[in-house]
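First the structure, in the form of structure tokens, and then the observations on it.
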Amino acid sequence: MKTMIEPFRIKSVEPIRMTTRAERERILRNAGYNAFLIHADDVVIDLLTDSGTGAMSAQQWAGLMRGDESYAGSPSFYHFERRVQELFGFDHVLPTHQGRASERILFELLGGPDQVVPNNAHFDTTRANIEHSGAEAVDLPISAARVPGVAHPFKGNLNVDALRALIAEVGASRIPVVMVTVTNNSGGGQPVSLENLKAVRAVCDEHGILMFLDACRFAENAFFIQQREPGMADRSVREIVQEMFALADGATISAKKDGLVNIGGLLLLRDQDLFQQASNLLILTEGYVTYGGLAGRDLEAMAQGFDEVVQEDYLAYRVRSVEYLGEQLRNAGVPIMEPPGGHAVYIDAGALCPHIPPEQFPGQAVVCGLYRVAGVRAVEIGTVMFGGVQPGPHALPLDQRLELVRLTIPRRVYTQSHMDYVAEAVGEVAAMRDALRGLRIVEEPPVLRHFTARFEEL
Ligand code: F0G
């Protein structure tokens, strides 16, 4: 069959409130031209994020009813722990309320002044938590990752030569951990190959440095490995996941993505001492080690979500539905990050709007255009998101920064006709690109400014 269908039926629906162009004009102005400040019921199709926005299955909802809410030693925790140990192969499992809680604990233990933490590409909260500890967060993408129009099967790979050069320059003793983000979110939702993970592991072993995964989208990454990496076609996604995690000393995971839940996270560790210290910090601010800031029912939903996300019919549909949107944009002549990622299609706003310089936020201009035209909410990943803080000594040169707009697809939420609508909206914005205006910031917080800054159109 030519058509790939959504491998599920819909049992419960959420109505979408339609808005007029005039209404949206007013809403956008009141929100200070920042999509984060728009009320969600004023959005027609919400592609702000794939984080915590997915639909749970009937089995997950059933798990919510089974959840045991004992403070200590809940059976829901032991069920969750066993499922997580089986899938990821780690003895030490800490639940957290979401990914950044795991990051905050990890970098409180491993970060600090003078430390340097490399990554293929840090996402916003990871970078902010590292910098908050006093350490420097360094992005080491491969060169192809900086060229949106050029396809590469593993554009998320970490640049191993650049890692070696960084170690030679600052010394291994200042690098407590090398992170690898799978899939790479700030650079296009692009996967990392198993070969690259092994190469990073080898460099870490040579220098006695820990290697951790930022593994929010581990299942999408594993599916890409199965589809694209030589010799992997006959391996199951579950086996590939196990091989990826076997290479790591630990992982921070936001379960709001490939955990298929609305809230939840994990910190996975091998080292007993680090586990003890992390447990103490967890108890200090998150909760006891058998719930970590979640309810027992959330642990049941997560245990089930991790099982469902490695099912290959689901992953084939998931990756194909993102690719489908990418194809439509490409056919309409819209420049995108090639190839489409696992969770999102990224519009190359820098190429779409050459008349808007980075300091006038071309990505933000496209985000505003999409909302005006069709009520589609997207997110800027460019100078608004990453340009607010003083760049560190190893920051990428300005001309290598990308101005992207992410159309992030929530899991199991929208249908093919929703995607057709989004493609039409992008086509319309692209057709009126010359009329798009840059913006200037009129109010901004000191860190993570994209969440709350307010803008004016120029
Ligand atoms: N790491 C990556 C690669 C992420 O994409 C995110 C979240 C986090 C860590 C933090 O996890 O939100 O559960 O605290 N990304 C979301 C996004 C918010 O929109 O891409 P969290």
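The values are calculated or read from the model by the stated rules, or taken from the named source; none is laboratory data. Just so it is clear, the model here is predicted, and its values are computed rather than measured. For neighbour counting, all protein chains shown are included, and Cβ atoms are generated from backbone atoms with ideal geometry for every residue, glycine included. In case anyone asks, the SASA skips ligands and DNA or RNA and just uses the protein heavy atoms, side chains included. Shrake-Rupley method; radii C 1.70, N 1.55, O 1.52, S 1.80 Å.
Among the residues making up segment 32-43, a single one is assigned to a loop (DSSP other than H, G, I, E, B) and either free of Cβ contacts under 8 Å to residues at least 60 places away in the same chain or open to solvent by 30 Å² or more (accessible area, probe 1.4 Å) (or both): His39.
Is one or more of the residues making up segment 44-54 away from the ligand (no atom under 16 Å from the Cβ), open to solvent by 30 Å² or more (accessible area, probe 1.4 Å) and out of contact with any helix residue (DSSP H, G or I) (no Cβ under 6 Å at 6 or more places or on another chain)? For segment 44-54, residues away from the ligand (no atom under 16 Å from the Cβ), open to solvent by 30 Å² or more (accessible area, probe 1.4 Å) and out of contact with any helix residue (DSSP H, G or I) (no Cβ under 6 Å at 6 or more places or on another chain): absent.
Among the residues of segment 273-289, those that are in contact with a helix residue (DSSP H, G or I) (Cβ under 7 Å, 6 or more places away or on another chain) and open to solvent by 10 Å² or more (accessible area, probe 1.4 Å) comprise Leu274, Gln277, Leu281, Glu286, Val289. You will find that of Pro410, Pro354, the residue that is of a type outside the set (Val, Ile, Thr) and either free of Cβ contacts under 8 Å to residues at least 24 places away in the same chain or touching a His at 6+ places or on another chain (Cβ under 6 Å) (or both) is Pro354 and no other.
Close Cβ contacts (under 8 Å, 6 or more residues apart or on different chains) running from residues in segment 357-381 that are under 26 Å from Met18 (Cβ atoms) to residues that are assigned to a helix (DSSP H, G or I) and basic (Lys, Arg) comprise Tyr371/Arg24; Arg372/Arg21; Arg372/Arg24; Val373/Arg21; Gly375/Arg24. Could we say that Tyr71 is part of a loop (DSSP other than H, G, I, E, B), touching a residue at least 12 places away in the same chain (Cβ under 8 Å) and assigned by TED's automatic domain parsing to the domain that holds Ala365 here? It is false that Tyr71 is part of a loop (DSSP other than H, G, I, E, B), touching a residue at least 12 places away in the same chain (Cβ under 8 Å) and assigned by TED's automatic domain parsing to the domain that holds Ala365. With respect to Asp161, determine if the residue is open to solvent by 20 Å² or more (accessible area, probe 1.4 Å) and free of Cβ contacts under 8 Å to residues at least 12 places away in the same chain. Spelling it out, Asp161 is indeed open to solvent by 20 Å² or more (accessible area, probe 1.4 Å) and free of Cβ contacts under 8 Å to residues at least 12 places away in the same chain. Looking at Ser321, Ser279, which is the one that is in the same structural domain as Arg433 (by TED's automatic domain parsing) and among the hydroxyl-bearing types (Ser, Thr, Tyr)? Answer to the check: Ser321. Of the residues making up segment 413-434, those that are in contact (Cβ under 8 Å) with a residue 40 or more places away in the chain and of a type in the set (S, T, N, Q) are Thr415, Gln416.
Which of the helices (runs of 4 or more DSSP H) contained wholly in segment 118-220 include at least 2 residues that are under 27 Å from Glu308 (Cα atoms) and within 15 Å of the ligand (Cβ to nearest atom)? By residue number, 124-132.
Got at least one residue in segment 58-68 being away from the ligand (no atom under 11 Å from the Cβ), in a helix (DSSP H, G or I) and surrounded by 19 or more Cβ atoms within 10 Å (Cβ to Cβ)? Checked against the condition, which is being away from the ligand (no atom under 11 Å from the Cβ), in a helix (DSSP H, G or I) and surrounded by 19 or more Cβ atoms within 10 Å (Cβ to Cβ), segment 58-68 yields at least one hit.
Within segment 285-300, can one find any residue that is touching a residue at least 24 places away in the same chain (Cβ under 8 Å), away from the ligand (no atom under 15 Å from the Cβ) and either within 30 Å of Ser143 (Cβ to Cβ) or among the β-branched types (Val, Ile, Thr) (or both)? Within segment 285-300, one or more residues are touching a residue at least 24 places away in the same chain (Cβ under 8 Å), away from the ligand (no atom under 15 Å from the Cβ) and either within 30 Å of Ser143 (Cβ to Cβ) or among the β-branched types (Val, Ile, Thr) (or both). Of all the criteria given as (1) among the aliphatic types (A, V, I, L, M); (2) within 24 Å of the chain's Cα centre (by Cα); (3) in a helix (DSSP H, G or I), the one not satisfied by Ala430 is (2).
Meeting the requirement of 2 or more residues that are surrounded by 24 or more Cβ atoms within 10 Å (Cβ to Cβ) and at pLDDT 95 or above, the helices (runs of 4 or more DSSP H) wholly within segment 328-426 are 349-352, 362-374.
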